[in-house]
Every structure is written in structure tokens, then in C-alpha cells.
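**Q** What follows is a structure written as C-alpha cells; I'll ask about it next.
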Amino acid sequence: MWVLGLLGALGTLLLLSLIFYIAIALLTDSDEASIFIAGMIFLFGLAISLMGVGWYGWWA
């Protein structure tokens, strides 16, 4: 089940980096920032899914 733990770790890292990138995009007010944030929100959901499935599988 180490693969699921790896997925959880990957999802966690992706989640932390997305929070960082969204904060930067919000601080730099530009037109492409809104498109960028929309894409990041999609990846944010993907990261949470990866994290949830990975860590649940690791501990289950």
C-alpha cells in the first residue's frame, strides 16, 4: 500500500504549492491571473482528491 501513501504525499505537496501559487496570483493583479486562478482551483480539487484517497488507503 506504499503507492497510496505516495499518492497522498504527492497530493499534499501539490496542495501546498497550489496555495502558494494562488497567493502569488492574487497579489499580482493582472488579467491572466483570473484564468490562472480558475485552473488552479481545478487542480486544487484534484490535489484534495489525491490526498484523500492516498492517505485513506494508507491508513485503511
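Every read-out reported here was derived from the displayed coordinates using simple, explicitly stated rules and does not represent laboratory data. Worth saying up front: this structure is predicted, and the values here are computed from it rather than measured. Cβ atoms come from the backbone with ideal geometry, glycine included; neighbour counts cover every protein chain shown.
**Q** What do you get for the angle between helix 2-27 and the principal long axis of the chain? Use alpha-carbon atoms, 0 to 90 degrees, nearest ten.
**A** Computed tilt is about 10 degrees.
**Q** Order these peptides, 47-54, 9-16, by their mean beta-carbon neighbour count within 10 angstrom, highest first. Please list the in-between numbers first.
**A** Details: 47-54: 16.9, 9-16: 15.4.
Ranked by mean Cβ neighbours within 10 Å, highest first: 47-54, 9-16.
**Q** Using square roots of five times the C-alpha gyration tensor eigenvalues, list the equivalent-ellipsoid semi-axes of the chain in whole Å, biggest first. Let's see the in-between values first.
**A** Details: eigenvalues 162, 16, 8 Å².
In descending order the semi-axes read 28, 9, 6 Å.
**Q** Right, another one. If the label point is 7 Å along Cα→Cβ of Leu6, which residues in the stretch 34-60 have backbone nitrogen under 20 Å from it?
**A** 47-60
**Q** Given labels modelled 7 Å from the Cα in the Cβ direction, how far is it in nm from Tyr56 to Leu13?
**A** 2.3 nm
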